[in-house]
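The values are calculated or read from the model by the stated rules, or taken from the named source; none is laboratory data. Please read these numbers as outputs of a predicted model, since none were measured by experiment. Cβ coordinates were reconstructed from backbone atoms using ideal geometry, including for glycine residues, and neighbour counts include every protein chain displayed.
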Amino acid sequence: MFFENQEAETAGRLLELKSALSSFEHYMEEINSMLVSLLHSNEDMLEMFLTEKHARNGELPPEEYHEECELMLESFHREVTRLKLEAQVLRKKIASTEDLLVITMNSRRNKMIRVQTHTAIISASFSIGTLVTGIFGMNLLNNLEASYSAFLTLTGISFTIPLLSMWLF
């Protein structure tokens, strides 16, 4: 019971982490797309120099100014790409953990099925023995009641048949 609760909690936690990681990856993809868009537009990079633009009364700074901004944006782009790669590694680790959890749960389920199967075989085996004893315990007259050897033979058969059927299965 403890392991079932623990596995359920682990599965729930993995689902939360997977969802959060998916949101994070989507967010990183949007940021990456925006950075690439900015890096392709010198004019947009020049628009980012707000103080310089204000000092020039709304005019854009000279074209050379965009190189400083471009270096900064490229650095951000590398960092976002690195974060995306780390998120992908985490996603693979989560998938591996989910696979391990599924394997563990399948193994436990198979053990339970095996125990149930053995219990059913044992029950069926003993039911054969009870059938024999039930037939001879119905007070039917068959002239075996008086014979002690017949009693021992039927008792032996009643124990042997279930044991053989359990051994065979």
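Does Val89 satisfy being within 20 Å of Gly12 (Cβ to Cβ), out of contact with any Pro (no Cβ under 8 Å at 6 or more places or on another chain) and among the β-branched types (Val, Ile, Thr)? Spell out the reasoning first.
Values: within 20 Å of Gly12 (Cβ to Cβ): no; out of contact with any Pro (no Cβ under 8 Å at 6 or more places or on another chain): yes; among the β-branched types (Val, Ile, Thr): yes.
No.
Yes/no matrix, rows are residues, columns are (1) touching a Ser or Thr at 6+ places or on another chain (Cβ under 7 Å); (2) small (Gly, Ala, Ser); (3) modelled with pLDDT under 85:
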{"residue": "Ile94", "(1), (2), (3)": "no, no, no"}
{"residue": "Leu100", "(1), (2), (3)": "no, no, no"}
{"residue": "Thr104", "(1), (2), (3)": "no, no, no"}
{"residue": "Arg109", "(1), (2), (3)": "no, no, no"}
{"residue": "Ile113", "(1), (2), (3)": "no, no, no"}
{"residue": "Ala120", "(1), (2), (3)": "no, yes, no"}
{"residue": "Ser125", "(1), (2), (3)": "yes, yes, yes"}
{"residue": "Gly129", "(1), (2), (3)": "yes, yes, yes"}
{"residue": "Ile135", "(1), (2), (3)": "no, no, yes"}
task: Would you mind stating whether Met34 is surrounded by 12 or more Cβ atoms within 10 Å (Cβ to Cβ), in a helix (DSSP H, G or I) and touching a Phe, Trp or Tyr at 6+ places or on another chain (Cβ under 9 Å)?
output: no
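Conditions (1) β-branched (Val, Ile, Thr); (2) surrounded by 12 or more Cβ atoms within 10 Å (Cβ to Cβ); (3) within 18 Å of Ser23 (Cβ to Cβ), marked per residue:
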position: Leu90; (1), (2), (3): no, yes, yes
position: Ile94; (1), (2), (3): yes, yes, yes
position: Ser107; (1), (2), (3): no, no, no
position: Ile113; (1), (2), (3): yes, no, no
position: Thr117; (1), (2), (3): yes, no, no
position: Ser123; (1), (2), (3): no, no, no
position: Ser127; (1), (2), (3): no, yes, no
position: Ile135; (1), (2), (3): yes, no, no
message: For the stretch 6-31: of the residues being of a type in the set (Ser, Thr, Tyr) and surrounded by 13 or more Cβ atoms within 10 Å (Cβ to Cβ), which is farthest from Leu71 (Cα to Cα)?
response: Thr10
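Tell me whether the stretch 113-121 contains one or more residues that are in contact with a helix residue (DSSP H, G or I) (Cβ under 7 Å, 6 or more places away or on another chain) and in a helix (DSSP H, G or I).
Taking the stretch 113-121 and keeping what is in contact with a helix residue (DSSP H, G or I) (Cβ under 7 Å, 6 or more places away or on another chain), we get 121.
Still in the list and also in a helix (DSSP H, G or I): 121.
Yes, the stretch 113-121 has at least one match.
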- prompt: Filtering the stretch 39-66 down to residues that are at pLDDT below 85 and within 19 Å of Glu79 (Cβ to Cβ), which residue is surrounded by the fewest Cβ atoms within 10 Å (Cβ to Cβ)?
  reply: Met48
message: Regarding the stretch 78-88, can at least one residue be identified that is of a type outside the set (D, E, K, R), modelled with pLDDT under 90 and either in a helix (DSSP H, G or I) or buried (at least 16 other Cβ atoms within 10 Å of the Cβ) (or both)?
response: no
